[in-house]
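Inspection log for the structure reproduced underneath, given as structure tokens.
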Ligand code: HSE
């Protein structure tokens with residue numbers, strides 16, 4: 001019997017209990033032993049809940065119980081999650097977490113402690129919800145130099161942009177809907193401003209390059225500036241707007257960015273809708289690979305957490321090597337990255353042509369009194385310099 005403790009009985013924590021109950025027998029078979037939830041740490045009581053008697057309010061009970069071999073961190077946020085997880089690892093307990101904020105900030109250190117103690121710190125659910133991406137990067141794609149990772153890594157914003165596109169709904173209404181479905185973070189600012197996707201691409205890039213990528217250094221734009229008018233233009237161009245998180249290896253180094261992009265129907269991520277996430281990976285020998293699935297929500301995320309518990313059970317006193325050192329990787333400045341841009345401005349076509357040269361003008365049904373156009377591919381720096389020559393830019397969205 002492997003005894004575990006769950007920190008946090010919210011959406012993910014209760015999902016873990018549900019998954020462990022639903023697939024009890026097959027999980028035990030795959031783990032090589034039965035998994036028993038001994039404690040659940042939460043500030044609240046849950047009268048009438050079947051797990052009521054497992055609830056504890058004091059973390060010491062868990063940290064000091066030598067029977068607990070695995071701690072499942074499902075609280076979210078950096079503190080007190082970091083303190084609790086570090087203490088568990090130092091006490092020789094393996095940990096799995098779905099907490100991208102924790103992994104992005106302290107992943108390297110927690111991985112190092114787990115290695116030192118011959119135990120494991122796993123975090124499959126921290127990126128892509130139920131989609132396996134951490135384990136594939138760590139153990140299946142190890143023959144490659146990964147040259148690009150581009151993903152739709154936030155279910156809430158993908159759900160919102162899909163609803164805005166297909167149902168013509170307004171931003172605020174779709175946000176409420178996404179929250180009610182349990183997709184959004186406690187504070188949905190992290191979703192809509194791109195902070196959640198930023199932490200996830202920081203984690204993936206750290207795994208790919210084996211060094212610490214500081215999420216604070218990743219250029220990040222969210223979707224709060226995307227309007228129904230932008231969606232109309234996207235439709236007129238046969239494109240969709242998606243929040244992409246991307247990192248690329250170039251000859252000068254790595255750069256990473258989170259921003260809304262206009263995707264053509266040829267793009268592999270064009271058809272990824274609703275709460276689904278997908279991660280496109282390009283390796284120098286593999287070529288292209290895509291990982292697609294449920295990117296947020298109770299059971300998909302819990303599925304990945306429980307898969308980590310099984311993996312830990314299979315490696316109880318053996319560390320699974322994760323190459324992610326605390327040595328910092330300096331990202332290259334995004335100003336050097338190249339894109340085409342879609343621009344909306346109050347300036348006229350003549351003025352646009354004078355500054356941007358040969359552009360493609362775009363007309364959208366029902367929109368007047370402004371000029372929409374697509375630029376050629378240019379660096380961010382070049383775009384900024386040209387754009388400063390226009391007086392009334394209403395919007396600019398990168399195009400891939
Ligand atoms: N709020 C996150 C999302 C949850 O919408 O993708 C999964 O990390």
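No lab work stands behind these numbers, since they all come straight from the coordinates. Everything numeric here is computed off the predicted structure, so don't read it as measured data. We place every Cβ from the backbone using ideal geometry, glycine too, and count neighbours over all the protein chains shown.
Quick notes on this structure:
- Length available on full extension from residue 166 to residue 274: 0.36 nm per residue minus the Cα-Cα distance, which gives 37.9 nm.
- Remark: the residue 350-residue 115 segment gains 78.3 nm on full extension, using 0.36 nm per residue and subtracting the alpha carbon distance.
- Mean Cα-pair separation over length for the chain, i.e. relative contact order, pairs under 8 Å, 6 or more apart, %: 19
- Projected label distance in nm at residue 340 and residue 216, using a 7 Å step from Cα toward the beta-carbon: 3.8
- Rg(Cα) / (2.2 N^0.38 Å) computed for the range 282-362, rounded to two decimals: 2.03
- Projected label distance in nm at residue 382 and residue 3, using a 7 Å step from Cα toward the beta-carbon: 6.5
- Taking the number of Cβ atoms within 10 Å of each Cβ as an exposure proxy, the fewest-first ranking of 84, 166 is 166, 84.
- The Cα-based radius of gyration of the range 1-105, divided by its Kirkwood radius, gives an Rg/Rh of 0.94.
- The overall shape of the range 184-266 is oblate: from the C-alpha gyration tensor, with semi-axes ordered a ≥ b ≥ c, the ratio a/c is 1.5 or greater and a/b is no larger than b/c.
- At R0 = 45 Å, FRET efficiency that the Cβ-Cβ distance of residue 365 and residue 332 yields, to 0.05: 0.65
- Length released on extending from residue 57 to residue 189, taking residue separation times 0.36 nm less the Cα-Cα span: 44.7 nm
- Residues 1, 237, 75 arranged by fewest to most Cβ contacts within 10 Å: 1, 237, 75
- Relative contact order (%) - criterion: Cα under 8 Å, at least six apart; region: the range 25-117: 21
- The Rg/Rh ratio of the chain, with Rg taken over Cα atoms and Rh as the Kirkwood radius over Cα pairs, comes to 1.02.
- The mean sequence distance of close C-alpha pairs (under 8 Å, at least 6 residues apart), as a share of the length of the range 56-185, puts its relative contact order at 16 percent.
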